[in-house]
Amino acid sequence: MDKKNTILGVVCIAAGIGFMFWQSQQIEQQRIEQLQQAETLEAPAGQSTTPADAELVAADANWQPDQAKLGAAAVTDLFQQVDSVPALSGAPLAEEQTVRLANEFIEAVFTTRGGAIKTVDFLQTKRGERDDYVFNQGGYLPALSLSYQASDESMREFALDYRVEQQTADSITFVLDQGEGMLIRRSYRIAPTGSDAEPYAIEHSTVFVNQSGAAINPRTIYFNLGTARTITEGKQSANYLNVGHYNGEDADFVPITKLKGGNGVLGIGSSQPTDQMEIADRVEWASVKNQFFASVLSSDTVGDDLYIYKVPAIEGGDETASHQGISGSVGYQVGTLAPGESKTLDFQFFIGPKEFKRLQALGNQQDLVMQFGFFGFFSKLLLSFMYAIHSVVPSWGWSIVIMTVCIKTLFWPLTAKASKSQKRMAKIQGPMAEMKEKYKDNPQKIQQETLKLFKEHQVNPVAGCLPMIIQMPIFLGLFYMLRTASELRHEPFLWVSDLSLPDTQFEIGGFPINILPMIMGVTMYLQMSMMPVSPTADPMQQKIFKFLPFVFLIFLYNFASGLVVYWTVQNILTIVQQKIINSRPDEDLKPAVATAGAKSKGPGGAPRTKAKRK
């Protein structure tokens, strides 16, 4: 029994850690392959770098609407003639104008090209300084720019030449007037400095006004979510780079790897690479994100379509913008507009760090952007607990240490009981060996005698494995919490410069030297060397347990330092606990409980009878 449970425990641990390792690490070769693949997508000099099936074109400023029939009423298809206009490179465009709006947390650059958001800088996320990462830098489109699906099913951008109609210190309004037909007015407002409003949220509205004498059908209008690229500091898994949406019940996220295609498993689930994919679903909010930053577009108007684009790497510029990116656009139905009628779409556009409290305060399950996964309950609980500690101890590193001590204290009675049981198991190694030798040709008898021996010495064979199994959901919840918690980014602790990255001190021949995982490996080895050896463990099992610290060292070597801090402190506390238990004298065993139905005997061995009451 003990052997089966031990093997099961080892398999569970290895599978869990292997899964985490697969999700959280991106080796250098993967990064190189991504960049090489992105380079193959780039067009020859002088041609458009946009994929052919997603080519964007600008609306001709002089177009005149044609008339079509919708029932008995005359209806103008807004894009009927726009489909045939020349490509962006040949369309006349006015000189681009940009306007900057800023508060103490963000600086957003707005452009007249599409009346949308060109880039967003973060002013506080690098320990109170301007961050190296710039949202939508080298983007597929300006964020919140408008597009539509042309008759050839390609995605095209509608009308680029907006003009600034009104501007204040914290708001701006763009307008596009074709002269006849549709007028589009686009307004943006950021939270003023010192306001109680969410500083990373941009309030936006787009108004469609029918100025023609006929009804207009603008088809489905797509709002771009901006482009997210990987952050160069650290080797991130491509799964962090994704586009997601919430349909009112579940949140679904599509990583960039889905667009790259793959061979699947034994040919099952194989797919061809593609530059874009479409998801027809209810969209209450949609997001584009990397490991630490996200844009989330939400509205009371429900979208019904989502496009996801793979954005090639760009040459030139700084290193931050050179990696391949991902973008998306959400489609909204405007409906048919009668002459003189207008339709307004209101949005909240969050662009900021993935901080759980901020996203949770936005409402409508937008905290699902954190992707805490199956163990989300534990992740949220631990993160809230860590926030509470940090409000008293203003250091995320020490907050992790204090949280680990609290968790270990909570499980102290359970692990102490398991350690005592293992200590008693070590004492029956001699009788176990003799019994196995005596009944070596009778496995059934060995099992019966083993159970009898466990009962006599009050040993629970699964007690040693149980604490580890119970703590595994907490460990996984902590892993999912710490892997994308932007609160740990740029946060120092002792010699660690950034708790969201490995604590690489230097490199030898290109191999990073991470001190903290090595300390973790040593503490785990000491911890396991102090644990009594189970009498039922065969030599192979003992070798596996001796090898486990090395396995953990490999898997955790490039993990975020915050997670390794937790595991190291947990090992040290376990060593202290085991040392205390080993130094104490053994407890006297209680007499084994008599089996049900057994009769007590009186003097001389005669059965004792109960006296009858009169």
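Values in this text are rule-based calculations from the coordinates and carry no lab data. Because the structure is a prediction, the values reported are computed rather than measured. Methodologically, a virtual Cβ is constructed for each residue, glycine included, from the backbone with ideal geometry; neighbour enumeration extends over all protein chains shown.
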Exercise. What FRET efficiency comes out for the pair GLU96/MET518, r = Cβ-Cβ distance, R0 = 45 Å, nearest 0.05?
Worked result: 0.30
Exercise. Of LYS408/LYS579; LYS310/LYS354; LYS289/LYS354; LYS420/LYS546; LYS357/LYS380, which pairs sit farther than 18 Å apart, going by alpha carbon to alpha carbon?
Worked result: LYS310/LYS354; LYS420/LYS546
Seminar exercise, completed: Stretched fully, the stretch from VAL576 through GLU165 gains (0.36 nm per residue minus C-alpha distance, one decimal, in nm) 141.1 nm
Exercise. What residues have an amide H closer than 5 Å to that of VAL243, excluding those fewer than 5 places away on the same chain, when H is modeled at 1.01 Å from N in the peptide plane?
Worked result: VAL254
Problem set entry | Karplus-derived 3J(HN,Hα), 6.51/-1.76/1.60, for each residue of the stretch 570-583, Hz, glycine and proline x | 4, 5, 4, 5, 5, 4, 4, 4, 5, 5, 5, 5, 5, 7
